[in-house]
Amino acid sequence: MKAVFLGLYFPPETFSSPHMFFDVVSWANDLNFDCHVLTPNPVRGLSSKEVKELNGSRTAHFSGYTHHTFSCLSWKESNPFFRLFRAWQFGKKAKKWIKKQPDIAFVYIPSNPPFIWNKQLKHCLKKRGIKLVFNINDIYPEVAFPRNSLMGKFLSAQSRKALFAADQIVTLSEDMKISLCEKCPARVLPIAVIPPWSYPIKTLQKSQEQKLLSSLNYSKDFFNVFYVGNFGQFQNLDLLVQSSNLLQNNPKIRFYLVGSGRRFSEISNASVGVSNLSVHPQVTPNEAAFLYSISDLNIISLNKNIIHYACPSKTPLCLESGRPTLTVVGESVYVSTLLTHGNVFTSEMDPKKIAEEIEQISQLKLVAAPPSFGTSRLAAETLWKKIMEGIRNENR
């Protein structure tokens, strides 16, 4: 019995939380599904030469799954119209492939693109009794467009149709589940909540640790506050720059912003002249986990209302590091749940309030818990396998 997983990206492309995608594939393989991953030819973050070399349709066999690449248009990746057309073109080719395959139990579709593949595939899948599993890591278009804008209203209507097409919806938090239900008040949606989980951590060698800490100018003599993650449109890094600016008179506190994204240059420029703040480029996943584990305080920061439509994937790594964590994301069910963990704090979205909270935490004698990387992954594995086993039993 086959399990088919659609995606827009595949290594060597970089994309958000690849471990969560490939873990689900691995868990399906554990249940003896014949797993197939379908993606378009890679373009994201690659040079023109690499795009040309990797273009073309091909099939490759990996441990636990077969990967099918479909040749699609390779225009400038940053163009939104290109991405939309490319997704539509890939969906058309994936549908043609799916039609030829016997004994498919389910097709897994990620949240981006938000509605194209659901719309393209729903009749084909329903006709053959194939279940459509819609995995939603962020709710579109709410994360990208104002709800009352013309584009927001149009895309929201289309995304509702995508939700209606799904036999199973999986999302990351109770807040996102509430938002999805509010989008479709007249229908009960089959939603399961599976919070984000951490990836397997490889311990750094001592020489790697020392090299990384040296590049950051890190010292244990200070109270070190770390933000490690994306510098994107959802993350409110301006608040962190402003808060660090307010704490320049406190010689014991240092801030480190580490990562990459479309706002990296902007945040780097904003940090100029702030003596207790330094901005650094992206590190590897294992280096990020190491920084979480040595931080005196990890920070999770989002723009207003984003927590209702997306969920920070770095949260489990922060919690499992055993170090104190400060959330600056606004009121939500998700934050209320996080506060039940030890050493988790929250602050209003105000630079002065954040600065005061950090100063108070720095004066506490907090005992860090031992790192427990991987515990959230075990919980997610149990829930995902339960869903996939249920689908297989329905097909018997």
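Net charge near Asn249: determine it from the other residues with C-beta under 15 Å of the C-beta of Asn249, scoring Lys and Arg +1 and Asp and Glu -1.
Residues close to Asn249 contribute a combined charge of +1.
Tell me the label only: which of (1) 23.7; (2) 24.8; (3) 20.3 is mean projected area of the Cα convex hull in nm² as calculated from this structure?
After the calculation, the listed value that fits is (3).
Hey, what did segment 206-373 get for relative contact order, percent, Cα under 8 Å, at least 6 apart?
Across segment 206-373, relative contact order equals 22 percent.
Past 23 Å, Cα to Cα: identify those pairs from Lys96/Lys126; Lys2/Lys126; Lys2/Lys95; Lys95/Lys161; Lys52/Lys202; Lys177/Lys202, in the order given.
Long pairs (Cα-Cα over 23 Å): Lys52/Lys202; Lys177/Lys202.
Charges only on Cβ, +1 for Lys and Arg, -1 for Asp and Glu: so what's the dipole of the chain about the Cα centre, in debye to the nearest 20?
With Lys and Arg at +1 and Asp and Glu at -1, about 1920 debye.
Could you work out the local net charge near Phe373, counting Lys and Arg as +1, Asp and Glu as -1, over the other residues with Cβ closer than 13 Å to its Cβ?
Neighbour charge sum, excluding Phe373 itself: +3.
Taking the Cβ of each residue in Trp27, Trp88 as the centre, tally the other Cβ atoms inside 10 Å and list the residues starting with the fewest.
Trp88, Trp27
Exposure proxy check: Arg58, Arg254, Arg396, Arg83 ranked by fewest other beta carbons within 10 Å?
In order of increasing Cβ crowding within 10 Å: Arg396, Arg58, Arg83, Arg254.
Suppose every K and R has +1 on its Cβ and every D and E has -1 on its Cβ; what is the size of the dipole of segment 342-396 about the Cα centre, in Debye to the nearest 20?
My answer is approximately 420 debye.
What number, in percent, do you get for the relative contact order of segment 164-240 if the mean sequence gap of Cα pairs under 8 Å and at least 6 apart is divided by its residue count?
Relative CO of segment 164-240 lands at 25 percent.
Going toward the positive end of the dipole of segment 206-373, with +1 on Lys and Arg Cβ and -1 on Asp and Glu Cβ, which of Pro285, Leu366, Ser313 do you reach last?
The residue sitting most towards the positive pole is Pro285.
Rounded to the nearest 0.05, what FRET efficiency do Glu182 and Glu209 give with R0 = 35 Å and r taken as the Cβ-Cβ distance? Could you check?
Working from the Cβ atoms, E equals 0.15.
Report ³J(HN,Hα) in whole Hz for each residue of segment 265-282, in order, from the Karplus equation J = 6.51 cos²θ - 1.76 cosθ + 1.60 where θ = phi - 60°; Gly and Pro get x.
Result, rounded to whole Hz: 5, 4, 5, 4, 5, 5, 7, 4, x, 8, 5, 9, 10, 9, 10, 10, x, 4.
Return the long-range amide H neighbours of His280 (sequence gap of 5 or more, or a different chain), with a cut-off of under 5 Å between placed amide H atoms.
Hits under the 5 Å cutoff: Leu257, Val258, Gly259.
Can you compute the FRET efficiency between Val51 and Ser372 using 1/(1 + (r/R0)^6), with r the Cβ-Cβ distance and R0 = 45 Å? Round to the nearest 0.05.
0.65
Find the relative contact order for the chain and round it to a whole percent, using C-alpha pairs within less than 8 Å whose residues are 6+ positions apart.
14 percent
PRE reach from Glu356 (point 7 Å along Cα→Cβ): which of segment 307-348 fall under 16 Å by backbone N?
Flagged as within label range: 346-348.
From a point 7 Å beyond the Cα of Asp30 in the direction of its Cβ, which residues of segment 372-396 have a backbone N at a distance under 20 Å?
It comes to 372-394, nothing else.
Subtracting the Cα-Cα distance from 0.36 nm times the residue separation, let me have the gained length for Ala60 to Thr14 in nm, one decimal.
Stretched fully, the Ala60-Thr14 segment lengthens by 14.7 nm.
Using helices alone, I'd like the mean residue ellipticity at 222 nm for the chain: each DSSP H run of four-plus residues gives -39500 (n - 2.57), total over residue count, nearest 500.
That calculation yields -12500 deg cm²/dmol at 222 nm.
Please arrange Trp384, Trp97 by counting, for each residue, the other beta carbons lying within 10 Å of its beta carbon, fewest first.
Sorted ascending by nearby Cβ count, the order is Trp97, Trp384.
If amide H atoms are built 1.01 Å from N in the plane of the peptide, which residues on other chains or at least 5 residues away come under 5 Å of the amide H of Cys35?
Ala3, Thr66
Tilt of helix 285-294 relative to the longest C-alpha principal axis of the chain, in degrees (0 to 90, nearest 10)?
30 degrees
Every number here is computed from the coordinates shown, using simple stated rules; none is lab data. Predicted model only: the values in this text are computed from it and were never measured. Neighbour counts are summed over all protein chains in view; Cβ atoms, including those assigned to glycine, are modelled from backbone coordinates with ideal geometry.
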